[in-house]
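The values are calculated or read from the model by the stated rules, or taken from the named source; none is laboratory data. Since this is a predicted model, take the numbers as computed values, not measurements. As a convention, Cβ positions derive from the backbone with ideal geometry for all residues, glycine included, and neighbour counts pool all protein chains shown. Calculation scope for accessible area: heavy atoms of the full protein, side chains included, ligands and nucleic acids excluded. Shrake-Rupley method; radii C 1.70, N 1.55, O 1.52, S 1.80 Å.
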Amino acid sequence: MDNWLKICIVVVFAVATTGNEEATPAKLLFSKQILNKYLVEGMDIVIKYSLFNVGGTAALDVQVADNTFGPQDFEVVGGQLKVTIDRIPPGSNATHVVVIRPSKYGYFNFTAAEVSYLPSEYAAEALVGLSSEPGQGAIVPFKEYDRKFSPHLLDWLSFAVMSMPSLVLPYALWYSSKTKYEAIMTQKKDK
């Protein structure tokens, strides 16, 4: 009986001490990644935005905005550069993907995107943060990319046509002498 009383007191004490802890506010980790290996003029570039809530409460009214890609340099093919997410629960993540197409080549500085969110339900002021920066990237001209990575079918076809005489002429001479030799041998056997 005495052991039961001690166990009950320990359990009540443990529940009382854990109940007084306040939940930590939401804290978002925000990253921006370019998923393409080659950045090419006129070809799609995939950009992934990842949000991780490492806080103890849900992040509310999360707004992601990326003002890096102006309409004079890039065309948005899929997704949106400004997104609103209602809530991100604690210990979970959210991702968003945008597909853009560059209209010019050259060096381009991929800067950070911006996120704003309410860290708890009772927060009056939104927190603002920045994503990781992919940094400067070179967008190569399509002609240069095509020169390196195309299958060059026309080049191989012209090579085959130009190398045919050097292969066909020796074969024709060999075949001609072979048939003459076989004809002479069959005549000698018949006699």
Legend entry - DSSP beta bridge pairing in the chain, given as percent antiparallel to the nearest 5: 95
Inset, instruction - Take F142, project a point 7 Å from its Cα along the Cβ direction, then tell me which residues of the range 84-118 have their backbone nitrogen under 13 Å from it. - result: 101-105
Legend entry - Backbone HN-Hα couplings from phi across the range 166-175 [Karplus 6.51/-1.76/1.60, Hz, Gly and Pro as x]: 6, 9, 6, 4, x, 5, 5, 5, 5, 5
Inset, instruction - Rounded to the nearest 500, what is the 222 nm mean residue ellipticity of the chain from helices alone, with -39500 (n - 2.57) per DSSP H run of 4+ residues and division by all residues? - result: -11500 deg cm²/dmol
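Round to the nearest 0.05 the FRET efficiency obtained for E114 and Y38 when R0 = 22 Å and r is the Cβ-Cβ distance.
Values: r = 27 Å, r/R0 = 1.24.
In this case the efficiency is close to 0.20.
Carbon-plus-sulfur fraction of the accessible area of the range 98-137, 1.4 Å probe, in percent?
50
Carbon-plus-sulfur fraction of the accessible area of the range 151-190, 1.4 Å probe, in percent? Let's see the in-between values first.
Numbers: 2870 of 3870 Å².
Percent of accessible area from carbon and sulfur atoms in the range 151-190: 74.
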Inset, instruction - Please tell me the relative contact order of the chain in percent, rounded to the nearest whole number, where contacts are Cα pairs under 8 Å and at least six residues apart. - result: 21
Inset, instruction - Over the range 55-164, give the accessible area per residue in Å² for a 1.4 Å probe, as an integer. - result: 65
Legend entry - Other-chain or far-sequence residues with amide H under 5 Å of I139's (modelled H): G106, Y107, F108
Legend entry - Interchain or long-range residues, amide H under 5 Å from A59's placed H: I88
Legend entry - Whole-Hz couplings from phi, Karplus 6.51/-1.76/1.60, listed for the range 59-69; x for Gly and Pro: 8, 10, 6, 7, 10, 10, 9, 10, 9, 6, 9
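For the chain, what does the alpha-carbon gyration tensor say about shape, rounded, prolate or oblate, given a ≥ b ≥ c as the root eigenvalues, a/c under 1.5 as rounded, and a/b over b/c as prolate? Don't skip to the answer; put the middle values down first.
Numbers: a/c = 7.15, a/b = 2.41, b/c = 2.97.
Cα axes put the chain in the oblate bin.
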